[in-house]
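Structure first, then comments.
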Amino acid sequence: MKITWWGHAAVYIEGSRTVIIDPFLTGNPVAAITPDEINHADIVIVTHDHGDHLGDAFTICKKTKATLVGIHEIAVMAQENGLEAEGMNIGGTIQVKGVTIHMVNALHSCDKGDPAGVVVEMDGQTLYHAGDTALTYDMKLIGEFFQPDLSFLPIGDRYTMGIPSAAKAVEFTQTKKVIPIHYGTFPLVAADPFEFKKRVGDRAEVIILKQGESYNLV
Ligand code: NI
Ligand code: MN
C-alpha cells in the first residue's frame with residue numbers, strides 16, 4: 001500500500017482501491033498536487049466540513065466518480081450536488097467498494113453535522129485518520145478495538161492537538177506507525193515534526209514526509 005501526504009490533512013492511499021482523505025488542495029499554499037492532476041479515485045472521505053478538510057472533495061468526486069464518504073449532513077450536501085455519497089455517523093461502520101470504514105469521535109467544531117475521525121481497513125492494513133481533534137480518552141478505545149497499523153495525527157496545535165498531546169495519542173491508540181499531519185501549512189500551525197518524533201521515542205515509528213512524499217506500508 002502506497003501512502004502519499006499531499007500536505008495539511010490530505011492523504012492519498014493507493015491499495016486495491018484508491019482512497020483520498022480530506023483533500024484540501026486549492027488555497028493550500030503547500031499542496032503537492034492540484035485537483036486537475038487527479039484522474040482516479042474510488043473513495044473520498046471527509047472528516048468534517050471545515051474548508052481545510054472538505055477542500056476539493058466535491059470537485060474530485062465529480063471528476064473521478066469517486067464515492068464521497070462523510071457524516072450524514074455532509075453526504076446529504078454531496079448528494080444535493082449530484083454526487084454519489086455514503087452517509088454515516090460516529091460509531092458506525094460501512095463497506096464501500098470492499099473498503100471498511102469506521103467513523104470515530106473527534107473533539108473539534110464544524111458547521112454541519114459533527115467532526116469525526118475515521119478508521120479505514122483495506123488490504124489487511126488498519127489506518128486511523130484522526131481528522132481535527134483534541135486528545136481524548138476515547139483514543140484508548142481506538143487502541144483497544146482497532147490497534148492501527150498506521151495513524152495520521154495532527155500536531156500543529158491551536159486548532160488540534162499539539163506535539164505533547166499527539167505523542168500521548170500515539171500511546172492511547174497503540175498505533176505502530178504514525179505520520180504527523182496538519183502542520184507546516186500556515187504560520188498558525190507551525191510545528192517541528194522532529195520534536196514530535198523525539199517525544200514519541202520508541203513507542204512507535206514516526207514517519208516524517210515532505211508534502212508530496214510517499215511511504216510504502218507493508
Ligand atoms: Ni477543522
Ligand atoms: Mn483543520
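What the table shows:
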quantity: Residue within segment 85-101 that is within 15 Å of ligand 1 (Cβ to nearest atom) and not hydrophobic (A, V, I, L, M, F, W, C) present; calculated: no
quantity: Residues being within 16 Å of ligand 1 (Cβ to nearest atom) and β-branched (Val, Ile, Thr) - total across segment 170-186; calculated: 2
quantity: Counted residues, segment 112-135 - those being polar (S, T, N, Q) and within 12 Å of ligand 1 (Cβ to nearest atom); calculated: 1
quantity: Top-ranked residue of segment 143-169 - restricted to ones that are open to solvent by less than 10 Å² (accessible area, probe 1.4 Å) and assigned to a helix (DSSP H, G or I), ranked as farthest from GLY201 (Cα to Cα); calculated: GLY143
quantity: All strands (runs of 3 or more DSSP E) inside segment 62-116 with 2 or more residues being free of Cβ contacts under 8 Å to residues at least 60 places away in the same chain, within 18 Å of the chain's Cα centre (by Cα) and over 20 Å from ASP52 (Cβ atoms); calculated: 85-88, 93-96, 99-105
quantity: Odd one out for THR133 among (1) over 17 Å from the mean Cα position of the chain (by Cα); (2) within 16 Å of ligand 2 (Cβ to nearest atom); calculated: (1)
quantity: Among (1) without any contact (Cβ under 8 Å) to a residue 60 or more places away in the chain; (2) of a type outside the set (A, V, I, L, M); (3) within 13 Å of ligand 2 (Cβ to nearest atom); (4) open to solvent by 10 Å² or more (accessible area, probe 1.4 Å), the one test that PHE186 misses; calculated: (1)
quantity: Enumeration of residues in segment 39-61 that are in a loop (DSSP other than H, G, I, E, B), open to solvent by 10 Å² or more (accessible area, probe 1.4 Å) and either hydrophobic (A, V, I, L, M, F, W, C) or away from ligand 1 (no atom under 16 Å from the Cβ) (or both); calculated: ASN39, HIS40, ASP42
quantity: Residues satisfying the stated conditions in segment 121-142, i.e. out of contact with any helix residue (DSSP H, G or I) (no Cβ under 6 Å at 6 or more places or on another chain), surrounded by fewer than 24 Cβ atoms within 10 Å (Cβ to Cβ) and either of a type in the set (D, E, K, R) or part of a strand (DSSP E or B) (or both); calculated: GLU121, MET122, ASP123, GLN125, ASP138
quantity: Residues satisfying the stated conditions in segment 48-57, i.e. closer than 18 Å to THR18 by Cβ and either within 14 Å of ligand 2 (Cβ to nearest atom) or among the small types (Gly, Ala, Ser) (or both); calculated: GLY55, ALA57
quantity: Matching residues in segment 1-24 - criterion: being within 16 Å of ligand 1 (Cβ to nearest atom), assigned to a loop (DSSP other than H, G, I, E, B) and either of a type in the set (A, V, I, L, M, F, W, C) or surrounded by fewer than 19 Cβ atoms within 10 Å (Cβ to Cβ) (or both); calculated: ALA9, PHE24
quantity: Filtered residues of segment 106-130 (kept if touching a Gly at 6+ places or on another chain (Cβ under 8 Å) and either more than 16 Å from ligand 2 (Cβ to nearest atom) or closer than 14 Å to LEU153 by Cβ (or both)); calculated: ALA106, HIS108, GLY117, VAL118, MET122, ASP123, GLN125, TYR128, HIS129, ALA130
quantity: Residue under evaluation THR173, criteria (1) within 14 Å of TYR128 (Cα to Cα); (2) open to solvent by 50 Å² or more (accessible area, probe 1.4 Å), criterion not met; calculated: (2)
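The values are calculated or read from the model by the stated rules, or taken from the named source; none is laboratory data. A quick note: this is a predicted structure, and the numbers were derived from the prediction, not measured. All Cβ positions, glycine included, derive from the backbone under ideal geometry; neighbour counts span all protein chains shown. For the accessible areas, the whole protein counts, side chains as well, though only heavy atoms, and no ligand, DNA or RNA atoms are used. Shrake-Rupley method; radii C 1.70, N 1.55, O 1.52, S 1.80 Å.
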